[in-house]
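The values are calculated or read from the model by the stated rules, or taken from the named source; none is laboratory data. All values reported here derive from a predicted model rather than from experimental measurement. Reconstructed Cβ throughout: ideal geometry from the backbone, glycine too, with neighbour counts over all protein chains shown.
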Amino acid sequence: MSAATPVLAKELKGKVLVASPYAPLRQQMLKRLDVPHAAVSEAQGGADALLKLEKTDFGTLLLDPRIEDLDVGELMATLRGRYPDLDVVLMESDSMESDLTRDEGTIDRTAAEASMMLGVVKTKIPAAQSFPAGRQYSFPISPDSAESTEARTRPVAGMIGKSQRMQQIYRLARLVAPRDTAVLIVGETGTGKELVARAIHDLSRRSKGPFVVVNCAAIPESLLEAELFGFTRGAFTGAFQSRLGRIHAAHGGTLLLDEVGELPLSMQAKLLRFVQEGEVQRLGSADVFRVDARVVASTNADLLQRVREKQFREDLYYRLSVFPLDLPPLRERAGDTISLAQHFLHGFCRESGVALKTFSPEAVDLVQRYHWPGNVRELHHAVERAFVLAEENPQIHAENLAMLAGAPDLTKF
C-alpha cells in the first residue's frame, strides 16, 4: 500500500478533528485523510478537543489514546454524554512508538500506517469496552447520571455564572484539577483567570500547599530571575543574604505564572528547565534544587502568534499548554452579567452593613446591553461606583451607573 493511500476515508463523516499530543502524528493524518483540507482540524489533547468540539460541529474525532491531559475513560464518557452522534476513531499507537518522540520526530511508514486505525467506535458504547490490540479502557462515569452532569458543571469556588460557556470551563477545571497537568488559561484582561487558577488549586491534592502568583509583566526584567529562582549572598550588588525564589516557595503547591506571554526570551529558556525537569538553580550557586510545584500559566496574549513572531519559545509553549482553558469575555456569557452585578451589589451592601439594594428595571437593561470591554473587573468597579452614588436609595438606577469624570457614561450607551 502506498504512502498516499487514504485511511478509512469512507468511514469518516462530516468535519474531522484529529486529537493527539504528537504534532508529527497529527500532520501525517492530515496529509493522509481523503477529505477536503478545510474540513480537518487539529487538537493537542483531550481538553483542546473538547474546546474545539464546543465551537465547531464535527462529525468525526480521530483520537490518540496516548493523550496526557485527560483520562481516556473520562474523556470518552464526556463525549458519549455530550455528543451522542459523534463518531470516535481510536488511533492505535503501539506500532508507532519507535517513530515518535515527544519533542520532534517523523513518521515514515507505508503499509503499517493502514492499520493505524482501530475502527469507528460510536460514543453510544457500554459502560466498559475492550478494544482490539489488547488495550483496555474503562468508563467509570455514567453520562445518564444527572448528578454527575450537574456536579461537573456547577460553578467552581469564586466564580459566578451559569452560561453554557462557563459551564464548560467549570467542567474542564474539575477534570484537570486532580492531576498535575500543566494548564494554560487564556482570556482577555478582567475575565477571571486568577480565580480559575485558584479554583484548580483548591480542587487539587495540593490544596493544602501554597498558591504562589508571579506577575511576569510587573517585575522588571533585571529582577525577574532573582525573584523566580532566588539567589545566594553576594550574587549581585545588594544581595546581602541568600533567598529562595518564588518557584521554590510554591513547593508542594501551585505556581501561577500570570501574564506569562510577557516573559523575556532569556528567562523563557531558564523557565523551560524547571517546567521540564522540576529543577531550580539560584543565582550565584551551582547547587540544583528539586521543586515539586504544579505550573499554571495565564495570558491575555496570543501565544501562538508570539511563537510565530519568535517572541515566545515553541517548546515552552507546548509544555505550558498541555491543558488549555479559553475564558470567554463577559459579552459572550449570555445571562451572567446581571447575576454578577447583583452578586457584587449584595457584597457591597453586606460590607457596609446596609439593607440589600436592588437594580431598577432600567439599570438591569443597561447592565445587560453594555458590552463591558473591561469584562468582570469593569463590571465590579461600575457596581461599586453605583452603590456609592445611590447613597440611601434602596434601588440602583441607570443614572447611578454613570462613570465618574473622565470615563465613559454608560447611560449614553
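What do you reckon, is ALA334 in contact with an Asp or Glu (Cβ under 9 Å, 6 or more places away or on another chain) and either outside any helix (DSSP H, G or I) or surrounded by 17 or more Cβ atoms within 10 Å (Cβ to Cβ) (or both)? Working first, answer last.
Values: in contact with an Asp or Glu (Cβ under 9 Å, 6 or more places away or on another chain): no; either outside any helix (DSSP H, G or I) or surrounded by 17 or more Cβ atoms within 10 Å (Cβ to Cβ) (or both): yes.
Answer is no for this residue.
Residues in segment 191-231 that are within 29 Å of MET159 (Cα to Cα), out of contact with any Leu (no Cβ under 6 Å at 6 or more places or on another chain) and of a type in the set (A, V, I, L, M): LEU195, VAL196, ALA199, ILE200, LEU203, ALA217, ALA218, ILE219, LEU228. Could you check HIS343 against (1) over 21 Å from GLY161 (Cα atoms); (2) assigned to a helix (DSSP H, G or I) and say which number it fails? Single failed check for HIS343: (1).
Can you name every one of the helices (runs of 4 or more DSSP H) wholly within segment 242-315 that holds 2 or more residues which are of a type in the set (A, V, I, L, M) and within 24 Å of ARG198 (Cα to Cα)?
Details: elements: 246-249, 265-277, 303-308.
Of the helices (runs of 4 or more DSSP H) lying wholly inside segment 242-315, those with at least 2 residues that are of a type in the set (A, V, I, L, M) and within 24 Å of ARG198 (Cα to Cα) span 246-249, 265-277.
VAL280 meets all of the listed conditions (1) within 20 Å of VAL212 (Cα to Cα); (2) among the β-branched types (Val, Ile, Thr); (3) modelled with pLDDT of 90 or more but one, namely (3).
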